[in-house]
1. If you take the alpha carbon radius of gyration of segment 72-215 and divide it by 2.2 N^0.38 Å, what ratio comes out, to two decimals?
2. Over the chain, give the accessible area per residue in Å² for a 1.4 Å probe, as an integer.
3. Students sometimes get this wrong: rank Met56, Met1 by accessible area, probe 1.4 Å, all chains present, largest first.
4. log10 I(q)/I(0), Debye, Cα-only segment 43-108, no solvent, q = 0.20 Å⁻¹?
5. How about segment 1-51: which GluC sites (Glu not before Pro) there are in a DSSP loop, with at most 12 other Cβ atoms within 10 Å of their Cβ?
6. Given a 1.4 Å probe and the protein chains all in place, what does the accessible area of Asp48 round to, in Å² to the nearest 10?
7. If you consider only alpha-carbon coordinates, what radius of gyration and Dmax does segment 80-135 have, in Å?
8. In the set [x] 22.3, 91; [y] 19.2, 57; [z] 22.2, 71, which value of Rg and Dmax of the Cα atoms in Å was calculated from the structure you see?
Amino acid sequence: MIWLVAGTKDARVIAGQLLAKGAGRILVSTATEYGGKLFNDERIEVIDKKLEFDDMKLLIDGKGIDVIVDASHPYAVNVSNNVMKAAEHLNIKYFRFERKMLDYEGAKRFSSLDKIVRYIRDTYKNENILSTLGSNNLEDIKSVNEENNLYIRILPTVSSVEKAEKFGFLAGKIIAVQGPFSKNLNKVILEDYNIKVLITKESGETGGEAEKIRACLETGTEILVLERPEISYVNCFDDVDELVGNVLGI
């Protein structure tokens, strides 16, 4: 059985390709209930909770997993490291899907969120800042709000909004919408909220990232990019067809 570790939009594409090319049934794991609901094919078994290393080993044994496809988010370092460790420990085939990199034209790149926060506090005051990092990094960036107006773009889920409120974000600072977004919609948001700086992740070509960057360039919005963490993956692919062919041996 194939275990697909999902964390991005790409995982749904990969699942569809695997099934279309004869995979039979597959197991998909997501970190959230919301992520699990995106897979509604009866041939897909879904586990929607966070898995630690020991959970992964039990899952592999209990479900008879013989192949793992890691399509977790590029910034989910602990997930990928634990999955690779579990695969090696139990001698299971492991394949990684990693999005192609995007040319972040004119952007400033940072190796940590702490450096981004310090840059904003040193450079800007009383300006409108937009974070598109999602809800997982709210605690790390909330201090930006002390000298600037920090808006956050997050998923429109109860858990995301509750987390934002927990860290002190008022309703007027929360843009809870589901992407991906077109260039024009990004421009409308940047212009209507008078955004001077946008914070984003080096997520790759898919998922609306290119449209976000083009919107910033056209509106003169400064782009601050949190660099993708470096992980030494094995059997890494950036093309879905090539990945699926290798997974299925076709």
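1. Cα-based Rg divided by the globular estimate yields 1.15.
2. 50
3. Output order, biggest surface exposure first: Met1, Met56.
4. The computed values of log10 I(q)/I(0) come out as -0.84.
5. Counting only loop positions with at most 12 other Cβ atoms within 10 Å, the GluC sites (Glu not before Pro) in segment 1-51 are Glu42.
6. Rounded to the nearest 10, that gives 70 Å².
7. For segment 80-135, the Cα radius of gyration and maximum Cα-Cα distance read 18.2, 55 Å.
8. Computing Rg and Dmax of the Cα atoms in Å and matching it to [x] 22.3, 91; [y] 19.2, 57; [z] 22.2, 71 gives [y].
The values are calculated or read from the model by the stated rules, or taken from the named source; none is laboratory data. What you are looking at is a predicted structure, and each value in this text was computed from that prediction instead of being measured. A quick note on method: Cβ atoms are made from the backbone with ideal geometry, for glycine too, and the neighbour counts reach across all protein chains shown. Ligands, DNA and RNA are stripped out before the accessible areas are found, and what is left, the full protein with its side chains, is counted by its heavy atoms. Shrake-Rupley method; radii C 1.70, N 1.55, O 1.52, S 1.80 Å.
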